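Values in this text are rule-based calculations from the coordinates and carry no lab data. All of these numbers come straight from a predicted model, not from anything done at the bench. As a convention, Cβ positions derive from the backbone with ideal geometry for all residues, glycine included, and neighbour counts pool all protein chains shown.
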């Protein structure tokens, strides 16, 4: 055997040459940081991508390229034809959908991204008001890299708990869940800035309606746990307790921060179905106008009750609205499936039940403290 | 019983190393995507199926050790020759060798498929296959103690992967696990049966037994290894069920890797790429020990030097990887291997145990009778 060893080494040497895989050198690739999908004018699908080209000598520049084709991979080929650098998607952070496309069906787009192993599961998905192309192609005065900018915008707001989170994983998970519908932030251009302007809510992968950005707070309250949120609400005249203060104003705006919440959801009647939703909130009062005597425990108690009532009403309103468009973004269906044995839940079946679902909302708010100045 | 294996102490291994050997041969390529296969039958109670499969390994391992203890210092090949005689015994031995080959091949091909699907779609199969085979040949020529050493390091160096399961918990909900025991017992057993491909590997015990120094401690370390394997599979399964929803889990081919794809560190954007590459260390003991097991059987059948054997074996495996190219082919292979392994690894040892016990009783009676005369 020993004398053959030399020949074996010779035999395997060529494998070292052929084994080289395709290289991706930073100077020679264009990093797609954002992709937007629209309904095409000529072909089925129009994509607009923000491609960052890293340049060692100069400042790196961002190209926004729009192409039309029938698949997303075909569009990548077409984008390549317009650029001097190879387009790679490993750094993709955001996927945007045009409103018209979102209303049609985004199922296949989510599948296409889940299938591709180079695409990270943690990229954000959002809907653009109107079309994506004009949003990206507009020459903003102070925004150099529109892809990175939108990513930071989403990331920052989601981490601060001002916006619902819609990563590819979450969207894919909810899309294939029997008892849940997907939802995403809505983005639009506001003069020289990009703004989060609401939440798009879906039914079976089709956008059916949207919620105001202010409603994010309620959606998040119903959906899960707050760790440190900020929020403001307005108490109306009926909600203000009579003996809270002498001259009762028409409304009291209140703001909180460092808000932590816990929710408890229970199915109490599986035929209707009927849920008990108890939300416990602990928070810090930061702003209230006109002045209320926070030092007095009785006043605080009354105030807490008033705010709880206000929140319950708002939460019920948001749920009722989503019920009217048959979009269960709160995962009530999941709870139903996990509480009812052999429910054999399907999306159609749940949407039928969901329309007539009843939710008894109860909010228990505790004001832990106010700021450093009473 | 004239075919027992006599070894000098320097060829033997300490009993505690058996923990690493059994544990590392069990965990291999199956762990990448066993979730959806089990989930198909057992739904969200899949974790109970994992527990059942784990329990089954304990029972089977108990039978294996009892059988081996009867013979003192012998392996499965010797036992089969003794129990069934030369012809049937050797026939069964060659089936077992074939099984080792297919298992070896399956691990190799599956791992190459994962690399091609996740990281390098352009890289050719033969290149990866040769690279891996050369490493395995290198390890094999080092002898059993080297391979056991690889098992040891494979387990120790891979421990850090387990805490990574905490990250996906951020997106998990306990609701996915309820209602517990919604599916019937048949589906649970079917799910446990689907675990076969993932949980096999501990049958190496049959072959390595004569090489253990302190044989009394065998069962202790084997069961410990089986327990920790079950624990790892159980935790991966629980996290997967909570992280995915039913529809998404059934569509995810390698759920464990997709689970990792969410993890990113400031210095490392995509964790699963590292995990895929790192997995080579985890499958290495699998490959080496299956190869070694086949070799131990082969020398009972024909006279062959270890170098010659390893080259023939690797060449066959190499051409095999060229034949099996597409995902459906690989899946079919896995299914058949799983089915065969169920009988070879789970059913047969229990049967062999009963036969050995009967034979033992029979021969001891005979001996008593002989003594009387």
Chain A: antiparallel bridges as % of DSSP beta bridges, rounded to 5, reads 65 percent
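For chain A, what ratio Rg/Rh do Cα atoms give with a Kirkwood hydrodynamic radius?
Values: Rg = 26.1 Å, Rh = 23.7 Å.
Radius of gyration relative to Kirkwood radius: 1.10.
In the protein assembly as shown, what percentage of the DSSP-assigned beta bridges are antiparallel, given to the nearest 5? List each step's numbers first, then the result.
Values: 52 of 79 bridges.
The antiparallel fraction comes to roughly 65 percent.
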In degrees, nearest 10, the alpha-carbon axis of helix B:348-372 is tilted away from the dominant principal axis of the alpha carbons of chain B by 10 degrees
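Under the definition of Cα pairs under 8 Å and six or more residues apart, what whole-number percent is the relative contact order of the stretch A:248-374?
39 percent
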In nanometres, the difference between 0.36 nm per residue of separation and the alpha-carbon distance of residue B:95 and residue B:335 is 84.6 nm
Taking N as the residue count of the stretch B:9-372, its alpha carbon Rg divided by 2.2 N^0.38 Å gives 1.01
Within 10 Å of the Cβ of an average residue in B:269-281, the count of other chain Cβ atoms is 1
By the mean-Cβ-within-10 Å protection proxy, highest first, A:268-277, B:199-208, B:293-302, A:185-194 rank as B:199-208, B:293-302, A:185-194, A:268-277
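Go through A:4-11, B:107-114, B:259-266 and give me the packing order, highest mean Cβ count within 10 Å leading. Show your work: numbers first, answer last.
Working: A:4-11: 10.0, B:107-114: 23.4, B:259-266: 18.0.
Answer by packing, highest mean first, reads B:107-114, B:259-266, A:4-11.
Please give the average number of partner chain Cβ atoms lying within 10 Å of the Cβ of each residue in A:109-117, rounded to a whole number.
Details: counts 0, 0, 1, 0, 0, 4, 2, 0, 14.
Mean partner-chain Cβ count within 10 Å for A:109-117: 2.
Can you give me the relative contact order of chain B as a percent, contacts being Cα pairs under 8 Å and 6 or more apart? Kindly include the intermediate steps, with their values, before the conclusion.
Numbers: 481 pairs, mean separation 145.1, N = 373.
Computed over chain B, the figure is 39 percent.
How much mean residue ellipticity at 222 nm does chain B get from its helices, if each DSSP H run of length 4 or more adds -39500 (n - 2.57) and you divide by all residues, to the nearest 500 deg cm²/dmol? It would help to have the intermediate numbers written out before the result.
On the way: 17 runs with 264 residues, N = 373.
For chain B, the value works out to -23500 deg cm²/dmol.
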Kirkwood Rh over alpha-carbon pairs of the stretch A:25-163 plugged into Stokes-Einstein at 37 °C, 0.692 mPa s gives a D in µm²/s of 215 µm²/s
Relative to chain B, whose Cα atoms define the longest principal axis, helix B:46-71 and its Cα axis are tilted in degrees, nearest 10, by 20 degrees
On each of the three principal axes the extent of the alpha-carbon atoms of the stretch A:190-242, given in whole Å and largest first, is 46, 33, 26
Log10 I(q)/I(0) at q = 0.13, 0.17, 0.19 Å⁻¹ for the stretch A:217-370, from Debye over equal alpha-carbon scatterers, is -0.65, -0.95, -1.10
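Per DSSP helix of 4 or more residues, -39500 (n - 2.57); summed, then divided by the residues of chain A. What does that give at 222 nm, rounded to the nearest 500? Please list the in-between numbers first.
On the way: 11 runs with 121 residues, N = 374.
Using -39500 (n - 2.57) per qualifying helix, the result is -10000 deg cm²/dmol.
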Expected integer from the mean partner chain Cβ neighbour count at 10 Å over A:359-368 is 0
Helix A:72-82 sits off the longest principal axis of the Cα atoms of chain A, rounded to the nearest 10 on a 0 to 90 degree scale, by 60 degrees
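I'd like the Kirkwood hydrodynamic radius of the protein assembly as shown, using the inverse of the mean 1/r over distinct C-alpha pairs, in Å.
On the way: mean 1/r = 0.0336 Å⁻¹.
Taking the inverse mean of 1/r over all distinct Cα pairs, the protein assembly as shown comes out at 29.8 Å.
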Yeah, the stretch B:174-281 with a ≥ b ≥ c from its alpha-carbon gyration tensor (a/c under 1.5 is rounded, else prolate when a/b outruns b/c, oblate otherwise) is oblate
Restricting to Cα pairs under 8 Å and 6 or more apart, the percent relative contact order of chain A works out to 13 percent
The stretch B:36-153, Kirkwood Rh and Cα Rg, ratio Rg/Rh at 1.06
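Which peptide among B:45-51, A:110-116 comes first, and what is the full order, when sorted by highest mean count of other Cβ atoms within 10 Å?
Working: B:45-51: 24.1, A:110-116: 16.6.
Put in order of decreasing packing, that is B:45-51, A:110-116.
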